[in-house]
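K.L.:
Quick one: structure below, then a few questions.
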DNA sequence: TCTCCAATAGAAAGCGCTTGCTACGCATGC
DNA sequence: GCATGCGTAGCAAGCGCTTTCTATTGGAGA
């Protein structure tokens, strides 16, 4: 029913081997023969059987991309970058590589499931984005899985995640979250803020911890006491920023600044402040993290730390497909850039 | 080197057939035997070979999702919804289905390429999101491809795209862009606006045309002349909204409202107005389309047409995996809801 | 006690492709 | 003029799995 290689071979009056070689282009075939084969392919609307091809060749053109939330531009941008870089003449069959984007929802179980699925598909490469869970058991399980993927021949690239000791062959492009957090709070302290609320991300995640540590580092360096009551944890969403801001205001009415775990949370913080009738940055300054596209359109525009998500994703994609050298030691740090905009200013005198 | 079914069989002292049956769970296997097999699987860290399995079974667990731009939440939300619905006990091997998200960048060539790739992988289903190109040649080519996919046994669901005559077996979940556009402009006219600028999306796309037609329908119904100078086309991005707004202001300084092709474009329009020192909605009202998450955080909050992207994507996912009945005739229309917020108001008297 | 059937396991034939090896020319070198 | 080698094409053996068909049980029913 469906057209196979053999059908094409018959029509072109050559052997299946020749058709395969024309399609893969990695073996000399006389121009006239190639012509004939290609015409037959065209005439019959032949489409290679991917699974059969992958089975025989023991490789595949699939590249997995693990993201926490594909609807979040933070991940969408990285995924888009990875995909744009892996595209192009693929490994075999003149085909292109395909990106398999997997939504883990941040759950380590699902992360593990998807890694198994990718291993099952014999993925050519896997790019894992987003911070890691800090739970030792899970981290170990994922590390083991990644190592097995490496052993099975898949390239593994971590993008925006610290290296895993368990998988030494995996390349890691780590975001300098700690440094970014440090610079952000330094900036606020420099403006004169002393009572700064911090809305952190979910606990048990490296990203959350590093950003928070940077913040605390800045406080310590300036000799500002770190009041634990002024740090709240929550998911990376608008709602969390909204609720936490109200709570911070309750705990410390003299608050002059709020640092959010990321831009989305910051947007929620802004909304809460507006609803409370407080002006930004007149009454309270707000800062985010990531510099997602919408941040510049917030009113006032959000001060934040710009992470080069697209660039990092693109690099991950190139490394995953072997088009760029691995960084020395398999580890590279990607730095963020402080973007000072309208949402932060000097605190008003109380 | 790598562990195969046969290895597991040997260790469990059963035949490969039995192992396969345990893994697929679609054939009676005695509890004790299953136990033994599962232990062997575990002991050996066995991972099924996906390509081999797909080849032998002539089906795969891959579901393709075509999107114009994965970094755009409009598509990200749909993709996320599709993926969350296709997940769960997959077709075979106790595995789950995997989503393959393909970034077409809106280019019909790449759309075609990806459809071929998916056909090559023998995808279980394909969900195509985003408006269609109106170029007859491309439309026909894509229609043919979709039909071939259907013929090859893949389910095809169009999500947010009008039905294709060429692929009668494809289910279509169409957005009521025309109706939404109509209601939006009706709203503005109701507020008293008469000089309304329209920043349309890229030409040659069904989405663009339908939204614009709705707008013009509303104008006509209210007896407002449709000045072609007040309609500009551009891509679906912020920049386009910014530039077009400046141009509209140049063409018609007495403009009192701007309708944008979508929320992102509307954000650009807002930025341009702010930069020109115009207040929203005091001087100029602004309206968007889609109601993406950030729209409510615009200042003032954006009046827009809410498209149930998540719901539509989820439904597409369920239909794609056969967990929901197809709509009668294979076609369903998804309606948008007008969200009136702060960015639109009565025009100031000139 | 014997037959028959349900339940379970195995043997083996592919699925459609890739690729190592072989075969066949024909031009070249001595 | 014969051996050598290069440029092409074919043969056939898998790749690792699924599934049909067959074989072997151990009761249950007669």
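The values are calculated or read from the model by the stated rules, or taken from the named source; none is laboratory data. Nothing here was measured: the structure is a model prediction, and the numbers come from that model. Quick reminder, even Gly has a Cβ in these numbers, built from the backbone with ideal geometry, and neighbours come from all protein chains shown.
K.L.:
Determine, yes or no, whether residue A:334 is surrounded by fewer than 24 Cβ atoms within 10 Å (Cβ to Cβ), under 27 Å from residue B:263 (Cβ atoms), away from chain B (no Cβ under 14 Å) and touching a helix residue (DSSP H, G or I) at 6+ places or on another chain (Cβ under 7 Å).
P.N.:
It is false that residue A:334 is surrounded by fewer than 24 Cβ atoms within 10 Å (Cβ to Cβ), under 27 Å from residue B:263 (Cβ atoms), away from chain B (no Cβ under 14 Å) and touching a helix residue (DSSP H, G or I) at 6+ places or on another chain (Cβ under 7 Å).
K.L.:
A further question follows. Evaluate the following for residue B:159: is it away from chain A (no Cβ under 14 Å) and more than 18 Å from residue A:49 (Cβ to Cβ)?
P.N.:
Answer is yes for this residue.
K.L.:
Filter the range A:15-37 for residues that are more than 11 Å from DNA strand C (Cβ to nearest atom) and touching a helix residue (DSSP H, G or I) at 6+ places or on another chain (Cβ under 7 Å) and give the result.
P.N.:
A:33, A:34, A:36, A:37 - these are the residues of the range A:15-37 that are more than 11 Å from DNA strand C (Cβ to nearest atom) and touching a helix residue (DSSP H, G or I) at 6+ places or on another chain (Cβ under 7 Å).
K.L.:
Continuing with this model, one more query. What number of residues within the range B:12-28 are buried (at least 18 other Cβ atoms within 10 Å of the Cβ) and part of a loop (DSSP other than H, G, I, E, B)?
P.N.:
Residues of the range B:12-28 that are buried (at least 18 other Cβ atoms within 10 Å of the Cβ), as a first pass: B:12, B:14, B:18-23.
Retained after the next criterion (residues that are part of a loop (DSSP other than H, G, I, E, B)): B:14.
Total meeting the criteria: 1.
K.L.:
Can you tell me which residue is nearest to the other protein chains (Cβ to nearest Cβ) among those in the range B:282-301 that are under 22 Å from residue B:348 (Cβ atoms) and surrounded by fewer than 24 Cβ atoms within 10 Å (Cβ to Cβ)? If you could, list the steps in order and put the result at the bottom.
P.N.:
Just the residues of the range B:282-301 that are under 22 Å from residue B:348 (Cβ atoms), to begin with: B:282-288, B:298-301.
Those still in the list that are surrounded by fewer than 24 Cβ atoms within 10 Å (Cβ to Cβ) too: B:282-283, B:299-301.
Values: B:282: 15, B:283: 16, B:299: 4, B:300: 9, B:301: 9 Å.
Here the residue is B:299.
K.L.:
Could you identify the single residue in A:246, A:232 that is surrounded by fewer than 24 Cβ atoms within 10 Å (Cβ to Cβ), under 24 Å from residue B:342 (Cβ atoms) and touching a residue at least 12 places away in the same chain (Cβ under 8 Å)?
P.N.:
The unique qualifying residue is A:246.
K.L.:
Where the second residue is assigned to a loop (DSSP other than H, G, I, E, B) and surrounded by 21 or more Cβ atoms within 10 Å (Cβ to Cβ) and the first is facing chain A (nearest Cβ under 7 Å) and lies in the range B:45-56, which pairs have Cβ atoms under 6 Å and are six or more apart or on separate chains?
P.N.:
As it stands, the answer is B:50/A:121; B:54/B:60, since those pairs meet every condition given.
K.L.:
Further question on the same structure: Could you list all residues from the range A:49-67 that are assigned to a loop (DSSP other than H, G, I, E, B) and modelled with pLDDT under 95?
P.N.:
A:58, A:59, A:60, A:61
K.L.:
With the checklist (1) surrounded by fewer than 20 Cβ atoms within 10 Å (Cβ to Cβ); (2) more than 14 Å from residue B:305 (Cβ to Cβ); (3) under 14 Å from the mean Cα position of the chain (by Cα) in hand, flag the one item residue B:176 doesn't pass.
P.N.:
Unmet for residue B:176, out of (1) surrounded by fewer than 20 Cβ atoms within 10 Å (Cβ to Cβ); (2) more than 14 Å from residue B:305 (Cβ to Cβ); (3) under 14 Å from the mean Cα position of the chain (by Cα): (2).
K.L.:
Yes or no: residue A:43 part of a helix (DSSP H, G or I) and more than 14 Å from DNA strand D (Cβ to nearest atom)?
P.N.:
Here the answer is yes, as residue A:43 does meet what is asked.
K.L.:
Then there is this: Check whether at least one residue in the range A:66-84 is surrounded by fewer than 20 Cβ atoms within 10 Å (Cβ to Cβ), facing chain B (nearest Cβ under 10 Å) and within 20 Å of residue A:25 (Cβ to Cβ), and report yes or no.
P.N.:
no
K.L.:
I've got another one for you. How many of the residues in the range A:302-323 are modelled with pLDDT of 95 or more and surrounded by fewer than 20 Cβ atoms within 10 Å (Cβ to Cβ)?
P.N.:
Total satisfying the criteria: 5.
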